[in-house]
Amino acid sequence: MSARARAIAGVAVMSALLVLYFVFAGIRAIALLASGEAVPVVMGAAMLILPLIGAWALGREILFGAQSTGLADRLEAEGLLPEEPVATHPSGRPVREDADAAFPRYRAETEADPDSWRAWMRLGIVYDACGDRKRARAAIREAIALARRDRRTATN
């Protein structure tokens, strides 16, 4: 099974478990709401609201994953994925020093063309390889927004 297939299977399993939790929490919340007593009613309301927030967060993460994977696939099809050889640990994670050495090139590329989703996506991939998840996600979000804008511009 490929790494991508394992990731998709993992997301599917975790999503199914979360939905199952939402169902059980919803059943318990309804029972608490039906009690008519103040404290259980408040707890029941919270038990209904928190799963809704969780469902929203899950949906947002799945959408982010699908959009970022789509952009990465487009980069791969165009032969534009970052190609620097980076040594990896036995776990498969890149050696941070090697990843950090590749970073300046992609940062400069993004600074030179800040309206390019490709540059932002490549930067996000390198940030991720460097272990900086927060900046990787921010760069990939920017790539998604720019790609969306490019699609809208192309259809008008």
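Only one entry of 8, 53, 30 meets the criterion of being at pLDDT 90 or above, of a type in the set (Val, Ile, Thr) and in a helix (DSSP H, G or I), and that entry is 30. Restricting attention to the range 61-75, does a residue exist that is out of contact with any Asp or Glu (no Cβ under 8 Å at 6 or more places or on another chain), more than 19 Å from residue 140 (Cβ to Cβ), loosely packed, with under 12 Cβ neighbours inside 10 Å and not assigned by TED's automatic domain parsing to the domain that holds residue 137? Looking through the range 61-75, none of the residues is out of contact with any Asp or Glu (no Cβ under 8 Å at 6 or more places or on another chain), more than 19 Å from residue 140 (Cβ to Cβ), loosely packed, with under 12 Cβ neighbours inside 10 Å and not assigned by TED's automatic domain parsing to the domain that holds residue 137. Within the range 1-42, the set of residues being touching a residue at least 12 places away in the same chain (Cβ under 8 Å), farther than 30 Å from residue 72 by Cα and hydrophobic (A, V, I, L, M, F, W, C) comprises 22, 25, 29, 30, 31, 32, 33. Can you spot a residue in the range 46-60 that is among the aromatic types (Phe, Trp, Tyr) and exposed (fewer than 11 other Cβ atoms within 10 Å of the Cβ)? There is at least one residue in the range 46-60 that is among the aromatic types (Phe, Trp, Tyr) and exposed (fewer than 11 other Cβ atoms within 10 Å of the Cβ). Annotation for the range 34-48: no member residue is in contact with a Phe, Trp or Tyr (Cβ under 9 Å, 6 or more places away or on another chain), at pLDDT below 90 and more than 25 Å from residue 100 (Cα to Cα). Residue 22 meets each of the listed conditions (1) surrounded by fewer than 14 Cβ atoms within 10 Å (Cβ to Cβ); (2) more than 27 Å from residue 140 (Cβ to Cβ) apart from (1).
The values are calculated or read from the model by the stated rules, or taken from the named source; none is laboratory data. On a predicted model such as this, the values are computed, not experimentally measured, just so you know. Note that each Cβ is placed from the backbone with ideal geometry, even for glycine, and that neighbours are counted across all protein chains shown.
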